[in-house]
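Chemist: Could you have a look at this structure, given as structure tokens, before my questions?
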Amino acid sequence: MNAIVTSALEYAAKGFSVIPCQPDKKPFIAWTEYQTRRASADEISAWWQKWPKAMIGLVTGKFSGMLVIDCDTADGYQAIQHCIPDSLLFPIASTPRGGCHLYFRYPEGSNLTVGVGVMPGVDFRGEGGYVIA
């Protein structure tokens, strides 16, 4: 078993909804159903058997309980810092092109979807979105 499928299975075991994505970040599969159900370990293993170099997509939104702010540039990250209190702690992951993902719990009762260009270099992913892990 390769390291990518192992990681995908670990994400799934932690409660994330996992989907396999192509190098252009588009899913290999029709992924709408994974906004309301998690893939089984057998499904995940089969996907990575078929596409061993697939990237791991994590579904965002209500079902996953996750909202991600995607800063594509260092300037975007600096801009968003002015909107976040210094006392707020949250996970951050670096992205390959010098950006980062800021992970938050999806706000209960909200209808946040996907926002592109909400600030220069800043998008967000909520209901109906996903990010590459």
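The values are calculated or read from the model by the stated rules, or taken from the named source; none is laboratory data. This is a predicted model, so every value here is computed, not measured. Reconstructed Cβ throughout: ideal geometry from the backbone, glycine too, with neighbour counts over all protein chains shown. Keep in mind that these areas ignore ligands, DNA and RNA; they rest on the heavy atoms of the full protein, side chains included. Shrake-Rupley method; radii C 1.70, N 1.55, O 1.52, S 1.80 Å.
Chemist: If only one of Met119, Met66, Met55 is of a type in the set (A, V, I, L, M, F, W, C) and touching a Ser or Thr at 6+ places or on another chain (Cβ under 6 Å), which one is it? It would help to see each step written out before you state the result.
Modeler: On the way: Met119 fails: touching a Ser or Thr at 6+ places or on another chain (Cβ under 6 Å); Met55 fails: touching a Ser or Thr at 6+ places or on another chain (Cβ under 6 Å).
Criteria check complete, one pass: Met66.
Chemist: Let me ask something else about it. Can you find a residue that is closer than 17 Å to Tyr130 by Cβ and either in contact with a Gly (Cβ under 8 Å, 6 or more places away or on another chain) or touching a residue at least 24 places away in the same chain (Cβ under 8 Å) (or both) anywhere in the stretch 76-89?
Modeler: no
Chemist: Let me ask you something else. Just for strands (runs of 3 or more DSSP E) wholly inside the stretch 33-133: which have at least 1 residues that are farther than 23 Å from Ala13 by Cα and open to solvent by 20 Å² or more (accessible area, probe 1.4 Å)?
Modeler: Of the strands (runs of 3 or more DSSP E) lying wholly inside the stretch 33-133, those with at least 1 residues that are farther than 23 Å from Ala13 by Cα and open to solvent by 20 Å² or more (accessible area, probe 1.4 Å) span 66-71, 114-119, 122-125.
Chemist: Which residue pairs have Cβ atoms under 7 Å apart, sit 6 or more places apart or on different chains, and have a first residue in the stretch 91-106 that is in contact (Cβ under 8 Å) with a residue 12 or more places away in the chain and a second that is in a strand (DSSP E or B) and of a type in the set (Ser, Thr, Tyr)?
Modeler: Pro91/Tyr103; Cys100/Ser94
Chemist: From Ile69, Ile19, Ile29, which residue is farther than 30 Å from Pro120 by Cα and in contact (Cβ under 8 Å) with a residue 12 or more places away in the chain?
Modeler: When all the criteria are applied, what remains is Ile29.
Chemist: I'm told Ala8 meets every condition in (1) farther than 22 Å from Leu112 by Cβ; (2) open to solvent by less than 40 Å² (accessible area, probe 1.4 Å); (3) in a loop (DSSP other than H, G, I, E, B); (4) among the aliphatic types (A, V, I, L, M) except one. Can you identify the failing condition by its number?
Modeler: (3)
Chemist: Further question on the same structure: Check off (1) among the aliphatic types (A, V, I, L, M); (2) within 22 Å of Gly15 (Cα to Cα); (3) surrounded by 11 or more Cβ atoms within 10 Å (Cβ to Cβ) for Ala30 and give me the number that stays unchecked.
Modeler: Answer for Ala30: the failing condition is (3).
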